[in-house]
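A quick write-up on the structure given underneath.
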Amino acid sequence: AIVGERATDARATKLAQQMASRRVSLSSLSTKANDGELKELNLILKADVQGSVEAILGSLEQLPKNEVQVRVL
C-alpha cells in the first residue's frame, strides 16, 4: 500500500511539473514575439454565436502580420 501511495505521489508530482512547464502566459508570449522567437501563433476560438466568432476573426485580420503570423484553427 505504501509503495502504491508513493508511486501515485510521484506521478502527480511529475504531472504537475509537466503542466507548469507547458503553461503559457500572455506576458511570456509578448516577450517571445518581441524577441523574434515566436513566428506563428495558433489560436482556437470557441463561441456560442456565429457572429461573435466573425467579429473576433475580423479584428485578428486587422492586426499587423509583420511580427507574428496569427493562425486560427
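The single residue among Leu57, Leu41, Leu45 that is in contact with a strand residue (DSSP E or B) (Cβ under 9 Å, 6 or more places away or on another chain), assigned to a loop (DSSP other than H, G, I, E, B) and aliphatic (A, V, I, L, M) turns out to be Leu45. When we screen Ala16, Ala33, Ala47, Ala20 for residues that are surrounded by 11 or more Cβ atoms within 10 Å (Cβ to Cβ) and out of contact with any helix residue (DSSP H, G or I) (no Cβ under 8 Å at 6 or more places or on another chain), the only hit is Ala33. Listed by first and then second residue, the pairs with beta-carbon distance under 9 Å, at least 6 apart or on different chains, first residue in segment 16-32 and under 22 Å from Glu67 (Cα atoms), second charged (D, E, K, R) and exposed (fewer than 11 other Cβ atoms within 10 Å of the Cβ), are Thr31/Glu37. Of all residue pairs spaced 6 or more apart or on separate chains, those with beta-carbon atoms under 7 Å, a first member in segment 44-73 that is within 17 Å of Ser30 (Cβ to Cβ) and a second member that is of a type in the set (Lys, Arg) and in a loop (DSSP other than H, G, I, E, B) are Val68/Lys39; Gln69/Lys39.
Could you grab me the full set of residues in segment 56-73 that are aliphatic (A, V, I, L, M), over 13 Å from the mean Cα position of the chain (by Cα) and open to solvent by 60 Å² or more (accessible area, probe 1.4 Å)? Answer for segment 56-73, where residues must be aliphatic (A, V, I, L, M), over 13 Å from the mean Cα position of the chain (by Cα) and open to solvent by 60 Å² or more (accessible area, probe 1.4 Å): Ile56, Leu63.
The values are calculated or read from the model by the stated rules, or taken from the named source; none is laboratory data. On a predicted model such as this, the values are computed, not experimentally measured, just so you know. With ideal geometry, Cβ positions are generated from the backbone for all residues, glycine too; neighbour counts draw on all protein chains shown. Surface areas here come from the heavy atoms of the whole protein model, side chains and all, with no ligands, DNA or RNA. Shrake-Rupley method; radii C 1.70, N 1.55, O 1.52, S 1.80 Å.
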